[in-house]
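Have a look at the structure below, then the notes.
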Amino acid sequence: MSERRRVRIAAQYNAEDPYEIWHPDLADELNTEDSFRKVAAIYREGLFDFYFQAETAALPMGEKGVPEFRVMGRLDNLVTQSWLASLHPDLGFVATINTGNNLPYDLARRLHSFDLLTHGRSGWNVVLGGNPHAHVNHRAKAVAERDVDRYSLGLEIVHYVLEALGGGRSAQAPAPHHFPAAARLLPAARQGAPFTIQAGDSARSRDLATSYADGLYTHYSDEVNGTAFYRDIHDRLRRHGRDPRTVKIYSRLAILVAENADAAREKHKALLPYQLHDNQVRRYAEEIWGKTFAELDPEGPLPNEAPAAGHVVKLGLSYGLYLDGPSEKAVARLHDISARHGGSLSLRETLILASGTHYIMGGPVEVATELRRLVDLRATDGFVIAPHSAPHWLEPFVRHVVPVLQDWGVYATRYQDETLRERVLREVEV
Ligand SMILES: Cc1cc2nc3c(=O)[nH]c(=O)nc-3n(C[C@H](O)[C@H](O)[C@H](O)COP(=O)(O)O)c2cc1C
């Protein structure tokens, strides 16, 4: 290989369905001060680019209230990460924050403090919402979501923040519409405009992200969907007149490392019942087939029935990425996954492997090889690992996979005193 491409690693905590674990023995560890502190120490030891936190703008509500079998609740990420930055000054931090649920001045002010407290190693994962329950929790005065286009509102808020922290109005900024123009916040933040990464998938979301963001956050990282996404994003960047080398793509990834492939497979099997609760298996199966099942065994094979005629699956981005659409296609995909594993997978395991997040399991060298292969293929530039929700989960990755990547010269061996933007853009040292 003529060029060594850097493998970028960041990680999330907590994770999300279906890789979060609701294991009753681990439940106490999920959202405590102690677990966040342990996780940050492990991510720092692994020289990860940043510690990433997702945002749930409103608890998922079913007809019977909050479901019991999912890991629920998240700490406010700017509060949590500002505290963690005082414990680990050289770690980077990326907080997911919705645009339209916030008033721009308030958001800019909090991101400004965040950048000062993290020595310029802060980032904002820009999400544009779409949760109809969220505005009740967050938005005191701003426009109701149903009354606005969330992309144009999002773009206006993003540019307000960039201007307030960066001090200048970008050529691509829309005319202020809902809010007055931003004034510069002082003292100057180390990296000026915050490092921004945008999560999204639709054409409008990609187009918006490529107009301003420093990075994209996606589910795609495999050789088919990842390479297609990568090419599409680079094309859009060129159309916006931007150099694709100045923007990096991070892909969400689930990982399971053990001493070797067999041990990883055993560990995976042991976790399955905790990864997708029986009620979730039923919910997903019924949504995919478009019918209710009198009997459904999560450990049994896929239901041997045709889906309801004309049914369209709507599971949403996280789970439905490859399943949403005509039911026949989704059921065929499940059968295909099961067949590729010798037809012996249970319904539960098939559903887990069919979710939108790419899952890599194996021994240290296998995992490192796969990460490097995907980066070399230009299926992505790096990964945000979404671990099972237990604080120690990524310890084997840090102790056994990171050293392999370092030996190959594709991974940092120390932190430098740099901003998060500089860290993310850094290539391998020759
Ligand atoms: C990898 C990924 C992670 C995401 N994480 C979150 C999140 O933590 N919180 C949230 O409210 N939305 C999250 N979203 C959803 C975004 O809010 C939404 O999809 C995006 O802003 C634009 O929407 P669109 O792709 O449907 O156009 C995520 C999306 C992706 C692709």
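Counting only helical runs of four or more DSSP H residues, what would the 222 nm mean residue ellipticity of the chain come to if each run contributes -39,500 (n - 2.57) and the total is spread over all its residues? Working shown, then result.
Values: 15 runs with 163 residues, N = 430.
The per-residue figure over the chain is -11500 deg cm²/dmol.
Among 244-252, 43-51, what's the highest-first ranking by average C-beta atoms within 10 angstrom per residue? Can you show the working numbers first?
Numbers: 244-252: 20.4, 43-51: 23.9.
Put in order of decreasing packing, that is 43-51, 244-252.
Relative to the longest principal axis of the chain, what angle (0 to 90°, nearest 10) does the C-alpha long axis of helix 225-239 take?
20
I'd like the distance between the alpha-carbon centres of segment 362-430 and segment 165-198, rounded to an integer number of Å.
31
Label points 7 Å out from Cα along the Cβ direction at GLU429 and ALA306: separation in nm?
Label at GLU429, label at ALA306, 6.3 nm between them.
Work out from phi, with θ = phi - 60° and the Karplus expression 6.51 cos²θ - 1.76 cosθ + 1.60, the ³J(HN,Hα) of each residue of segment 319-324, listed in order in whole Hz, and give x for Gly and Pro.
9, x, 2, 9, 10, 5
Two decimals is fine: what is log10 I(q)/I(0) at q = 0.14 Å⁻¹ for the chain, from a Debye sum with one equal scatterer on every Cα and no solvent?
For the requested q values the scattering log ratios are -1.43.
List the chymotrypsin sites (Phe, Trp or Tyr not before Pro) within segment 264-316 that fall in a DSSP loop (any state other than H, G, I, E or B) and whose Cβ has at most 16 other Cβ atoms within 10 Å.
Details: sites: TYR274, TYR284, TRP289, PHE293; in loops: PHE293.
Hits after loop and neighbour filter: PHE293.
Would you calculate the separation in nanometres between label points at VAL365 and SER170, each defined as 7 Å from the Cα along the Cα-to-beta-carbon direction?
4.4
Nearest 5 is fine: what % of DSSP beta bridges in the chain come out antiparallel, could you say?
On the way: 3 of 38 bridges.
Roughly 10 percent of the beta bridges in the chain run antiparallel, per DSSP.
What are the principal axis extents of the Cα atoms in segment 263-355, in Å, biggest first?
If we take the Cα atoms of segment 263-355, the spans are 42, 26, 24 Å.
Note the angle between two axes, namely the Cα long axis of helix 364-376 and the longest principal axis of the Cα atoms of the chain, as a number of degrees from 0 to 90, rounded to the nearest 10.
Roughly 60 degrees, rounded to the nearest 10.
Compute the relative contact order of segment 233-389 as a whole-number percentage, counting only Cα pairs closer than 8 Å that sit 6 or more residues apart in sequence. If you can, show how the numbers build up before the last one.
On the way: 206 pairs, mean separation 57.4, N = 157.
The value is 37 percent.
When the Karplus curve 6.51 cos²θ - 1.76 cosθ + 1.60 is applied with θ = phi - 60°, which whole-Hz ³J(HN,Hα) does each residue of segment 272-280 get, with x for Gly and Pro?
Computed from phi, the couplings for segment 272-280 are 3, x, 8, 7, 9, 4, 3, 5, 6 Hz.
So how strong a dipole does the chain carry about its Cα centre when Lys and Arg Cβ are +1 and Asp and Glu Cβ are -1, to the nearest 20 debye? Walk me through the numbers before you get to the answer.
On the way: 49 positive and 56 negative charges, 286 e Å.
Computed about the Cα centre, the dipole is about 1380 debye.
Is the shape of segment 346-430 best called rounded, prolate or oblate, per the rule: a/c under 1.5 gives rounded, else a/b larger than b/c gives prolate, else oblate, with a ≥ b ≥ c the square roots of the Cα gyration tensor eigenvalues?
Values: a/c = 1.83, a/b = 1.75, b/c = 1.05.
Prolate is the answer for segment 346-430, as a/c is 1.5 or above and a/b outweighs b/c.
Can you compute 3J(HN,Hα) from phi for each residue in segment 115-125, using the Karplus curve 6.51 cos²θ - 1.76 cosθ + 1.60 with θ = phi - 60°, rounded to whole Hz and x for Gly and Pro?
5, 5, 6, 9, 6, x, 10, 10, x, 10, 8
What residues qualify as long-range amide H neighbours of THR196, i.e. H under 5 Å apart, gap of 5 or more or another chain, H built at 1.01 Å from N?
TRP124, ASP214, GLY215
What's the angle, to the nearest 10 degrees (0 to 90), between helix 77-87's Cα axis and the longest principal axis of the chain?
Compared with the principal axis, the helix lies near 70 degrees.
No value in this document is a laboratory result; all are computed from the given coordinates. Just so you know, these numbers come straight off a predicted model, no measurement behind them. Using ideal geometry, Cβ is built from the backbone for each residue, glycine included, and neighbour counts are taken over all protein chains shown.
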